[in-house]
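Below is one structure; the comments refer to it alone.
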Amino acid sequence: MSYETILVERHDAVTLIQLNRPQALNALNSQLLGELIDAFAAFDADPAQRAAVLTGSEKAFAAGADIKEMQERGFADMYGSNMFAGWERVTATRKPWLAAVAGFALGGGCELAMMADFILAGDNAKFGQPEVKLGIAPGMGGSQRLTRAVGKAKAMEMCLTGRFMDAAEAERAGLVSRIIPTTDLVGEALKTAALIASMPPLAAIANKEMVNAAFETGLAQGILFERRLFHGLAATEDKAEGMAAFVEKRPGVWKGR
Ligand code: CO8
């Protein structure tokens, strides 16, 4: 499939996906959603690809869902078409991917960043859920993921006032894992993704599933899920190789099985 609203590059085992609607600050319209779903599905299906980075431009990761596209759409249309349900296909991606966020990540842009396994922020990043000012509310998971990431007080204040959070506050609050100078952001994100891509692939997916389970289950159930998956990894050839490589003081060579 050829894309018009995103750019996709392969950097060895890392897929770089860049949102590319600069005239609209990467606002997320339905064409872009369709292209992202396709690009993430292709990444997940390609055995040579092991990690991905999603980024925007230095000015905007994404300034939200496309307001001009939403303007004319009423309840029956949005409800009938189950608008935004397609984003669940992006969050269904099994392999690890991170968001490299510079500039504005607002509304749906912030929500998309929070769908990533983690966020690296450029030092000019600004996160916000300003939907209330448009007479709406988050619709792509923001009220849930932001609250889980930063707690009720900050999430509630941001949703009720539309206040933006800068990169330093986002790091303090646990919304992002690290802040990188914006000019180095994509390079650092690619390096981080390459490091993830160099890990035994089944172990990487299992680690992702375990951490995500912490958001879906109670503690006892989550710990049992972790332990069972841990037991399961003992059946992989990569576990035997990883431990042999450690004992023999050499790098491991992974088979992904
Ligand atoms: N949608 C469509 N176009 C946009 C959007 C957007 N979200 N954001 C910016 N643009 C366009 C502008 O209209 C402008 O286009 P044009 O040149 O044709 O007028 C171009 O991008 C450049 O934008 P600005 O001139 O405004 O740039 P500034 O640097 O002056 O300002 C801002 C940057 C502060 C980011 C500003 O553009 C802004 O406030 N944008 C809107 C931010 C926002 O409100 N986002 C939330 C959108 S709603 C949402 O995401 C809800 C998701 C769930 C909805 C559920 C519904 C059921």
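Using a 10 Å cut-off on Cβ atoms, rank the peptides 174-182, 1-9 from the highest mean neighbour count down.
Details: 174-182: 17.7, 1-9: 13.4.
Packing proxy ranking, top to bottom: 174-182, 1-9.
Relative to the longest principal axis of the chain, what angle (0 to 90°, nearest 10) does the C-alpha long axis of helix 152-161 take?
Result, in degrees: 30.
Tell me the angle of helix 201-213 to the major Cα principal axis of the chain, expressed in degrees between 0 and 90 and rounded to the nearest ten.
Result, in degrees: 50.
Just to confirm a number: summing +1 for Lys and Arg and -1 for Asp and Glu over residues other than residue 1 whose beta-carbon lies under 13 angstrom from that of residue 1, what do you get?
-3
Sorted by packing (mean other beta-carbon atoms within 10 Å per residue), highest first, where do 199-208, 55-64 land? Could the numbers behind the result be given before it?
Working: 199-208: 19.1, 55-64: 23.5.
Per-residue Cβ counts within 10 Å, averaged per peptide and sorted highest first, yield 55-64, 199-208.
Expressed as an acute angle from 0 to 90° and rounded to the nearest 10, what is the orientation of the C-alpha long axis of helix 237-247 relative to the principal long axis of the chain?
Rounded to the nearest ten degrees, it is 70.
So how much slack lies between residue 221 and residue 1, counting 0.36 nm per residue of separation and subtracting their Cα-Cα distance, in nm?
Result for the pair: 75.1 nm of gain on full extension.
Projected onto the charge dipole of segment 199-248 (+1 at Lys/Arg Cβ, -1 at Asp/Glu Cβ, origin at the Cα centre), which of 242, 223, 211 gives the Cα projection farthest towards the positive end?
223
Which GluC sites (Glu not before Pro) in segment 161-226 pass both tests, a DSSP loop state and at most 13 other beta-carbon atoms within 10 Å?
Here the GluC sites (Glu not before Pro) that fit, given the DSSP loop and packing criteria, are 216.
Before rounding to the nearest 500, sum -39500 (n - 2.57) across all DSSP H runs of length at least 4 in the chain and divide by the residue total; then give [θ] at 222 nm in deg cm²/dmol.
-13000 deg cm²/dmol
Extension gain residue 123-residue 212, at 0.36 nm per residue separation less the Cα-Cα distance, in nm? Mind showing how you got there, number by number?
Numbers: separation 89, 0.36 × 89 = 32.04 nm, distance 2.66 nm.
Length gained, residue 123 through residue 212: 29.4 nm.
Taking R0 as 51 Å, what FRET efficiency do you get between residue 240 and residue 136 from their Cβ-Cβ distance, rounded to the nearest 0.05?
That pair, residue 240 with residue 136, gives E of 0.45.
Along the Cα→Cβ direction, 7 angstrom out, place labels at residue 177 and residue 46. What is the inter-label distance in nm?
The two pseudo-label positions are separated by 2.1 nm.
For segment 165-257, run through the chymotrypsin sites (Phe, Trp or Tyr not before Pro) and keep only the ones in DSSP coil with at most 15 other Cβ atoms within 10 Å of their Cβ.
Here the sparse-neighbourhood loop sites are 215.
Given a Förster distance of 22 Å, report the FRET efficiency between residue 255 and residue 230 from their Cβ-Cβ distance, rounded to the nearest 0.05.
The formula returns an efficiency of 0.70 here.
Can you tell me the relative contact order of segment 6-197? Whole percent, Cα pairs under 8 Å, sequence separation 6 or more.
Reported as a whole number, the value is 22 percent.
Give the lysines reachable from residue 239 as a straight Cα distance under 21 Å; neighbours fewer than 8 places away on the same chain don't count.
Partners found: 95, 208, 249, 255.
As an exercise, take the mean of 1/r over every pair of distinct alpha carbons in the chain, invert it, and state the Kirkwood radius in angstroms.
19.2
Can you tell me, using C-alpha contacts under 8 Å and at least 6 residues apart, the relative contact order of segment 121-237 as a whole percent?
27
A short reminder: the numbers here are calculations on the coordinates, not readings from a lab. This one's a predicted model, so the numbers in the text were calculated from it and none came from an experiment. Cβ atoms come from the backbone with ideal geometry, glycine included; neighbour counts cover every protein chain shown.
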